[in-house]
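Below: the structure, in structure tokens.
Values quoted throughout were computed directly from the atomic coordinates according to the rules given, and no laboratory measurement underlies them. Source: prediction; values computed, not measured. Cβ sites come from the backbone with ideal geometry, for glycine too, and all protein chains shown count toward neighbours.
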Amino acid sequence: MANTRTKTKEKILDALDRAILIALLEDARLSQVELAERIPLSPTAIARRIRALEEAGVIEGYQAQINPRALDLGMTVIVHVGLKTQSEDLLEAFEKAVVKAPSVVSCYMMSGEDDYLLTVMARDLADFERIHKEQLSRLPGVARMKSSFALRDVARKGVRDLLRR
């Protein structure tokens, strides 16, 4: 294994840590015994390293990846949002409200022309219209919104791909 080391929060990741992370990103349900079959460590050593990675905040949790189409969410909409002002109170109010908006699956504060970039999941155009009326247009301080509809998913890379660099 390569001798690359990355420092995250006071936890230095060595090649074995990176191998554990890659394996867990591929299948978070792997047991410590199964991980030990892939990585040259005992199950006990694997467990200690996973616990240390969790305590250091490197591993923040475990989750299933669910196909949005299985939930009848076939439309991805990217929404560019510009606020009326950049006051701290307004930024805080907007962020609290957007976290509560059930159809918003991600929100990034941006530099440049737009203040925020949202990803919204909808069933179809009529559902997005409802989301726009009931959720997005009610977000505090919005001066402008521009929506773009994703035609198809071309590339979606995760942390796993970055760990392999």
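If you take Rg/Rh (Cα atoms, Kirkwood Rh) from the coordinates, which of (1) 0.99; (2) 1.08; (3) 1.05 do you get?
Only one option fits the structure, namely (2).
May I ask for the equivalent-ellipsoid semi-axes of region 68-149, computed as the square root of five times each C-alpha gyration tensor eigenvalue and listed largest first in whole Å?
23, 12, 11
Along the charge dipole of region 6-55, pointing to its positive end and built from +1/-1 on Cβ of Lys, Arg, Asp and Glu, which listed residue (Leu24, Ala36, Leu53) has its Cα farthest out?
Leu53
Taking the chain as the reference, fit the longest principal axis to its C-alpha atoms, fit the long axis of helix 88-100 to the helix C-alpha atoms, and give the angle between the two in degrees, 0 to 90, nearest 10.
So the helix axis and the longest Cα principal axis differ by about 70 degrees.
Using Cα atoms only, what is the angle between the long axis of helix 43-55 and the major principal axis of the chain, expressed in degrees (0 to 90) to the nearest 10?
30 degrees
Among Phe149, Phe128, which comes first, second and so on when ranked by fewest other beta-carbon atoms within 10 Å?
Ascending Cβ contact count within 10 Å gives the list Phe149, Phe128.
With +1 on the Cβ of every Lys and Arg and -1 on the Cβ of every Asp and Glu, and nothing else charged, how large is the dipole of region 68-149 about its Cα centre, in debye rounded to the nearest 20?
Dipole about the Cα centre, nearest 20: 240 debye.
Taking the number of other C-beta atoms within 10 Å as the exposure measure, put Val58, Val79 in order starting with the fewest.
Val58, Val79
Please label the shape of region 6-55 as rounded, prolate or oblate, based on the square roots a ≥ b ≥ c of the eigenvalues of the alpha-carbon gyration tensor (a/c under 1.5 means rounded; beyond that, a/b larger than b/c means prolate, else oblate).
Cα axes put region 6-55 in the prolate bin.
With 10 angstrom as the radius, rank Thr85, Thr76 by how many other C-beta atoms surround their C-beta, starting from the fewest.
Exposure proxy ranking, most exposed first: Thr85, Thr76.
When only C-alpha pairs under 8 Å and at least 6 residues apart count, what is the relative contact order of the chain, in percent?
Contact order relative to length: 23 percent.
Given the DSSP H assignment, sum -39500 (n - 2.57) over each helix run of at least 4 residues in the chain and divide by its residue total; what's the result at 222 nm in deg cm²/dmol, nearest 500?
-10500 deg cm²/dmol
Taking the Cα centre of region 6-55 as origin, sum charge times position over the Cβ atoms of Lys and Arg (+1) and Asp and Glu (-1), and report the length of that vector in debye to the nearest 20.
Roughly 160 debye, rounded to the nearest 20.
Using only Cα atoms, locate the centre of region 46-99 and the centre of region 100-165, then give the distance between them in Å, rounded to an integer.
One Cα centre to the other: 11 Å.
Would you work out which of Leu139, Ile66, Ala93 lies farthest towards the positive end of the dipole of the chain? Charges go on Cβ: Lys and Arg +1, Asp and Glu -1.
Among Leu139, Ile66, Ala93, the one farthest towards the positive end of the dipole of the chain is Ile66.
Treating only the Cβ atoms of Lys and Arg (+1) and Asp and Glu (-1) as charged, compute the dipole magnitude of the chain about its Cα centre; round to the nearest 20 debye.
340 debye
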